[in-house]
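*Asks:* Encoded as structure tokens, here's the structure I'll be asking about.
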Amino acid sequence: MMTEYTVIYERGDTNWSAYVPDLPGCIATGKDRADTEKYIREAIEFHLEGMHLRGEIIPAPTVEAGTVSVQAA
């Protein structure tokens, strides 16, 4: 079964990072956005597998992200 989790990507000075608000502790970093997307997908799968093996309840996605345009001062 496919489930979609919201991922937040942040650009740093020399790399990218990502985290999943619905899965605390599930993070990844990479040299660019494409690498980071690959690594966070792997991190999510690993995180969920670990939760399953420990008998924990897998949380349903609840977080949504969006953007808002505003006039800069």
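Each value in this text was obtained by applying a stated rule to the coordinates, not by laboratory testing. This one's a predicted model, so the numbers in the text were calculated from it and none came from an experiment. When we count neighbours, we look across all protein chains shown, and the Cβ atoms used for this are built from the backbone with ideal geometry, even at glycine.
*Asks:* Among 26, 48, 36, whose Cα projects farthest towards the positive end of the dipole of the chain, with charges put on the beta-carbon of Lys, Arg (+1) and Asp, Glu (-1)?
*Replies:* 36
*Asks:* Now for a different question. Tell me the GluC sites (Glu not before Pro) within the chain that lie in a loop according to DSSP and have at most 11 other beta-carbon atoms within 10 Å.
*Replies:* Working: sites: 4, 10, 37, 42, 45, 49, 56, 64; in loops: 4, 56, 64.
Qualifying residues, ordered by number: 4, 56, 64.
*Asks:* Calculated from the structure, Rg and Dmax of the Cα atoms in Å equals which of (1) 10.5, 29; (2) 11.6, 37; (3) 14.3, 51?
*Replies:* Of the listed options (1) 10.5, 29; (2) 11.6, 37; (3) 14.3, 51, (3) comes from this structure.
*Asks:* Moving on. In degrees between 0 and 90, to the nearest 10, how far off the longest principal axis of the chain does helix 33-53 point, with axes built from Cα atoms?
*Replies:* 30
*Asks:* Then there is this: Would you please name the trypsin sites (Lys or Arg not before Pro) within segment 14-47 that are DSSP coil residues with at most 15 other C-beta atoms within 10 Å of their C-beta? Present the calculation step by step, with values, prior to reporting the outcome.
*Replies:* Numbers: sites: 31, 33, 38, 41; in loops: 31.
The qualifying sites are 31.
*Asks:* Per DSSP helix of 4 or more residues, -39500 (n - 2.57); summed, then divided by the residues of the chain. What does that give at 222 nm, rounded to the nearest 500? Display every interim value, and only then the final one.
*Replies:* On the way: 1 runs with 21 residues, N = 73.
Calculated from helices alone, the mean residue ellipticity at 222 nm is -10000 deg cm²/dmol.
*Asks:* Check residue 5: other-chain or 5+ apart residues with amide H under 5 Å from its amide H, H built from backbone geometry?
*Replies:* Counting only residues 5 or more places away or on other chains, the set is empty.
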